[in-house]
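Engineer: Okay, handing you the structure first.
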Amino acid sequence: MTRSLLVLALLVSAAPVRASVFIVRHAERADAKDDKSLLSRKGKKRAKLLSGVLSGVALKAVYTTEYERTQQTAGPTAKAKGLIVTVTDSEKAVELAAELKSKPADTDVLVVGHTDTIPDILKGLGVEPPVAIGDSDYSNLFIVTPRIGAAPIFHRLRY
């Protein structure tokens, strides 16, 4: 098991009182120049890996954008958990963050976004300073655990 996955296992086993939001960028796409590109073979493998990484998390919801590559990334996890993916507008990251903050305290959620939506979601969840994601970086796993009256607990891992 890689160091990041071991850290994730420890975090999940520590089960915070408040549920967490797990945020990833869509996996590798077949054509980096095509905005509507689907996942590459490597991307499909990463999507399956994500499902394994989150296997011990009691997810209750999965959110993606309208782009098929985000839905393909979330697909194996949603299927393994028996969840229906909620598709959101990629232009409404701030609204999604507000919705996530309003979830009940026991609602672990997976969000699959993009390099330009994830920073807005993280900011909306109270994460500071701003987070940057490189164009070729697909391995981030952000975990945000909101806290009442305090800054959220924030972890940036790799998978």
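The values are calculated or read from the model by the stated rules, or taken from the named source; none is laboratory data. Just so it is clear, the model here is predicted, and its values are computed rather than measured. All Cβ positions, even for glycine, are placed from backbone atoms using ideal geometry, and neighbour counts span all protein chains on display. Note: accessible area is taken over every heavy atom of the protein model, side chains too, but ligands, DNA and RNA are not part of it. Shrake-Rupley method; radii C 1.70, N 1.55, O 1.52, S 1.80 Å.
Engineer: Check which residues have an amide H placed less than 5 Å from Leu141's amide H, if you skip close sequence neighbours.
Structural biologist: It is Leu157, Arg158, Tyr159, by chain and number.
Engineer: Per DSSP helix of 4 or more residues, -39500 (n - 2.57); summed, then divided by the residues of the chain. What does that give at 222 nm, rounded to the nearest 500?
Structural biologist: -10000 deg cm²/dmol
Engineer: Moving on to the next point. Can you list residues from other chains, or at least 5 along the same chain, whose modelled amide H is less than 5 Å from the amide H of Ile153?
Structural biologist: So Ile153 has HN proximity to Thr145, Arg147.
Engineer: So, one more: What's the tally of Lys pairs in region 58-159 whose alpha-carbon atoms lie under 18 angstrom apart, where the two lysines are 8 or more places apart or on different chains?
Structural biologist: So the count of such lysine pairs works out to 9.
Engineer: Moving on. How far is the Cα center of region 29-82 from the Cα center of region 123-140, in Å?
Structural biologist: Answer, in whole Å: 18.
Engineer: Another one. Kindly sort Arg29, Arg156, Arg41 by accessible area of their heavy atoms, largest first, with the probe set to 1.4 Å.
Structural biologist: Descending accessible area places them as Arg41, Arg156, Arg29.
Engineer: Please compute P(r) over all alpha-carbon pairs of the chain, binned at 10 Å starting from zero, and give each bin as a whole-number percent.
Structural biologist: Binned Cα distances yield the sequence 11, 44, 38, 7, 0.
Engineer: Between helix 68-81 and the chain, what is the angle of the helix's C-alpha long axis to the longest principal axis, kept within 0 to 90° and rounded to the nearest 10?
Structural biologist: Tilt of helix 68-81: around 50 degrees.
Engineer: Each residue of region 21-29 in order: what ³J(HN,Hα) in whole Hz does its phi give by Karplus 6.51 cos²θ - 1.76 cosθ + 1.60, θ = phi - 60°, with x for Gly and Pro?
Structural biologist: 3J(HN,Hα) across region 21-29, in whole Hz: 10, 9, 10, 9, 7, 3, 6, 3, 9.
Engineer: If you don't mind, another one. Longest span of the chain, sites excluded, free of GluC sites (Glu not before Pro) in DSSP loop with at most 14 other C-beta atoms within 10 Å?
Structural biologist: Here the longest run is 92-159.
Engineer: In whole Hz, what ³J(HN,Hα) sequence does region 133-148 give by Karplus (6.51, -1.76, 1.60; θ = phi - 60°), x for Gly and Pro?
Structural biologist: Once rounded to whole Hz, the list reads 10, x, 4, 9, 9, 10, 9, 6, 10, 8, 10, 10, 10, x, 10, 6.
Engineer: Given a Förster distance of 30 angstrom, what is the FRET efficiency for Val94 paired with Arg156, based on the Cβ-Cβ distance and rounded to 0.05?
Structural biologist: 0.90
Engineer: Now for a different question. Using heavy-atom solvent-accessible surface (probe 1.4 Å) with all chains present, what is the largest-first order of Val94, Val109, Val53?
Structural biologist: The most accessible residue leads, giving Val94, Val53, Val109.
Engineer: Okay, next question. In degrees between 0 and 90, to the nearest 10, how far off the longest principal axis of the chain does helix 3-13 point, with axes built from Cα atoms?
Structural biologist: Orientation of helix 3-13: about 40 degrees from the principal axis.
Engineer: Right, something else. Just to be sure I understand the model, the point goes 7 Å from the Cα along the line to the Cβ. What's the resulting Glu66 to Asp106 distance in nm?
Structural biologist: 3.6 nm
Engineer: If you plug each phi of region 34-39 into the Karplus form 6.51 cos²θ - 1.76 cosθ + 1.60 with θ = phi - 60°, what whole-Hz ³J(HN,Hα) values come out, in order, with x for Gly and Pro?
Structural biologist: 9, 5, 9, 4, 8, 6
Engineer: Scan around Ala30 for amide H atoms under 5 Å from its own, H built in the peptide plane at 1.01 Å from N, and keep only partners 5 or more places away or cross-chain.
Structural biologist: Leu38, Leu39, Ser40
Engineer: Whenever you get a sec, line up Thr70, Thr115 from highest to lowest accessible area (probe 1.4 Å, protein heavy atoms).
Structural biologist: Thr115, Thr70
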